[in-house]
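Structure first, then comments.
FYI, it's all coordinate maths here, none of it is from the lab. As the structure is a computational prediction, the values presented were derived from the model and not from experiment. Every residue, glycine as well, gets a Cβ built from its backbone with ideal geometry; the counts of neighbours run over all protein chains shown.
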């Protein structure tokens, strides 16, 4: 078969699109993150800043820099006579960094949690026999979620009891 003929065969095959999560069905190509990209275009400065800060602060270099700053602060103690101002510098600096990092880490955690929820929902919806109402469990009230949890605990116990009964019956034979 010639190369030209092979191309025409490929073109004649119908293209089948993989199912897309609801959040992506109406998304433009610019809204979908590219492999290797840390953030998607148009996602905003805060998202970019939070993602980059989380990525960089988790590196060994960031830890080494923090340790070096603390050592430098400790070494300068005798130069400043261990004054209140000298102590206030480290207290204020660490308080500000901690305060800002709480928001950046929370943003990153919320985004990661939402992405995980979307992926799990896609898997649940795609599986035959799965209860699709579980795909949106994060939208349920606390009472509904607790009732669903109790239902699954009961079903898990029943499944375990059935499995143990089968094991016992197969040992008896």
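Simple spin-label estimate for residue 114 and residue 84 gives 4.6 nm between the two label positions (7 Å along the Cα-to-Cβ direction from each Cα). Rounded, prolate or oblate: which fits region 43-130 when a ≥ b ≥ c are the square roots of the eigenvalues of the alpha-carbon gyration tensor, with rounded for a/c under 1.5 and prolate only if a/b beats b/c? Prolate, because a/c is 1.5 or more and a/b exceeds b/c.
Whole angstrom only: what separates the Cα centroid of region 144-173 from the Cα centroid of region 78-98? Computed from Cα coordinates, the inter-centre distance equals 59 Å. What residues of region 105-139 lie in the reach of a label at residue 162, counting those whose backbone N is under 17 Å from a point 7 Å from the Cα along Cα→Cβ? Residues 128-131 fall inside that zone. Between residue 91 and residue 143, the modelled label-to-label distance comes to 4.8 nm, taking each label 7 Å out from Cα in the direction of the beta carbon. Available extension along the chain between residue 66 and residue 126 is 17.0 nm, counting 0.36 nm per residue and deducting the alpha carbon span.
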